[in-house]
Amino acid sequence: MGVPAEEEVLFERRGHLGIVTLNRPKAVNALNDGMVKAMLRKLTAWADDDAVATVLVRGAGDRGLCAGGDIVAIYRDMLHGGDETAGFWADEYRLNLLISQYPKPYVAFMDGLVLGGGVGVSAHGSVRVVTERTRTGMPETTIGFVPDVGGTLLLSRSPGEAGTHAALTGAHLSGADALFLGLADHFVPSESLPALAEALESSTAEAAVERFAQAAPDSALAAQREWIDAAYAHDDAEEIVRSLRSAGTEAVAAADTIDAKSPTSVKVTLESLRRVRGLSLEEALDQEYRVGLRCLAGPDFREGVRAQVVDKDRNPQWKPATLAEVQASDVEGYFAPLGERELGLSTLAAEAS
């Protein structure tokens, strides 16, 4: 039997600090719907609790905050229609929105692995802390999916075309890179996190972080900005790959990486990043939900998870197999309205204003 949902995420209060601990260390704290619903309930309650001044989110174990959504569970659900996954995403995106609007300091310890859904429960917060152990990113194109949890909006706001590079390649990024991309705010050595957590019990978040924050190492991504901005300026994925190959050196490796991803995912991801510019988070999440449900219905998401996580042969058979075979009309279909299945976060926001 699995761990009961109430134990997969732990809540406690120490001083005026409310602590959320994602508690699936063997799965690098991968999120499931029970965990997301529990966080929604507790964070909503703490928002109105005068005894809680600050919230801290961290991961159990030493491997990371969160490796993303539980894609093995999603794979099993896809084999039976994907309805449970659609419900999970709806809850998860509401949690992402709540975090972005949280009325109290929301401190995220982005230590170790922070991927996909892990970015969603951290990078929308107000106080985002990375370490020398941080390995973050949105690796969805590797599994035939597209960045979600508001990740398309976050990466669209990164300097130049660095966010496009991160999204299309699915690269694992350092804490310094996360700071450069705008996914994090402070660099704290991992050995100082326990002391920082203790300081948050009685100090303001601002004062506590100031005590422990240090200058971050240089960002490798920032150093590559010139060729990244030039190659990814195009709105056509094939033109981006051609530009990368002509740029030489590190850019060729990026082109090889993109060529190994799902061609459909690459093109839909690029279109998502271009369409999301200037949107609100509510509108971005609504768009990601449309795209996500189309991915559930298509072949590549299932095949990508099979190849990477289920059978682990690392040899996905993408359909279509090349960027040239993915038509503009195919991409357009991912963004079509869902009718009654719309997530509707932007509609709710408009009605509330």
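The values are calculated or read from the model by the stated rules, or taken from the named source; none is laboratory data. Owing to the predicted nature of the structure, the values given are computational and were not obtained by experimental measurement. Ideal geometry is used to build each Cβ from the backbone, glycine not excepted, and the neighbour counts take in all protein chains shown. SASA here: full protein model, heavy atoms, side chains in, ligands and nucleic acids out. Shrake-Rupley method; radii C 1.70, N 1.55, O 1.52, S 1.80 Å.
How many residues are within 24 Å of residue 264 (Cα to Cα) and modelled with pLDDT of 95 or more when one looks only at the range 136-187? Within the range 136-187, residues that are within 24 Å of residue 264 (Cα to Cα) and modelled with pLDDT of 95 or more number 35. Look at (1) touching a residue at least 60 places away in the same chain (Cβ under 8 Å); (2) open to solvent by less than 60 Å² (accessible area, probe 1.4 Å); (3) small (Gly, Ala, Ser) and you find that residue 202 fails only one, number (2).
Within the range 211-232, being surrounded by fewer than 16 Cβ atoms within 10 Å (Cβ to Cβ) and of a type in the set (A, V, I, L, M) holds for 215, 220, 223. Of the residues making up the range 237-256, those that are out of contact with any Leu (no Cβ under 8 Å at 6 or more places or on another chain) and at negative phi are 239, 242, 243, 244, 245, 246, 247, 250, 253, 256. Among the criteria (1) crowded, with 21+ Cβ neighbours inside 10 Å; (2) of a type in the set (Gly, Ala, Ser); (3) over 23 Å from residue 89 (Cα atoms), the one residue 265 does not fulfil is (3). For the range 285-305, the tally of residues that are in contact with a Pro (Cβ under 8 Å, 6 or more places away or on another chain) and among the charged types (D, E, K, R) stands at 4. Condition check: in contact (Cβ under 8 Å) with a residue 60 or more places away in the chain and within 20 Å of the chain's Cα centre (by Cα). Does residue 85 satisfy that? Yes: the conditions hold for residue 85.
Exactly one residue out of 208, 254 is in contact with a strand residue (DSSP E or B) (Cβ under 9 Å, 6 or more places away or on another chain) and crowded, with 22+ Cβ neighbours inside 10 Å: that is 208. Among the residues of the range 63-90, those that are more than 19 Å from residue 139 (Cα to Cα) and either of a type outside the set (A, V, I, L, M, F, W, C) or open to solvent by 50 Å² or more (accessible area, probe 1.4 Å) (or both) comprise 76, 77, 79, 80, 81, 82, 83, 84, 87. Hey, does the range 24-38 have a residue that's within 19 Å of the chain's Cα centre (by Cα) and on the phi > 0 side of the Ramachandran plot? Yes; the residues of the range 24-38 include at least one that is within 19 Å of the chain's Cα centre (by Cα) and on the phi > 0 side of the Ramachandran plot.
Summed over the range 75-94, residues that are among the aliphatic types (A, V, I, L, M), at pLDDT below 95 and in a helix (DSSP H, G or I) total 1.
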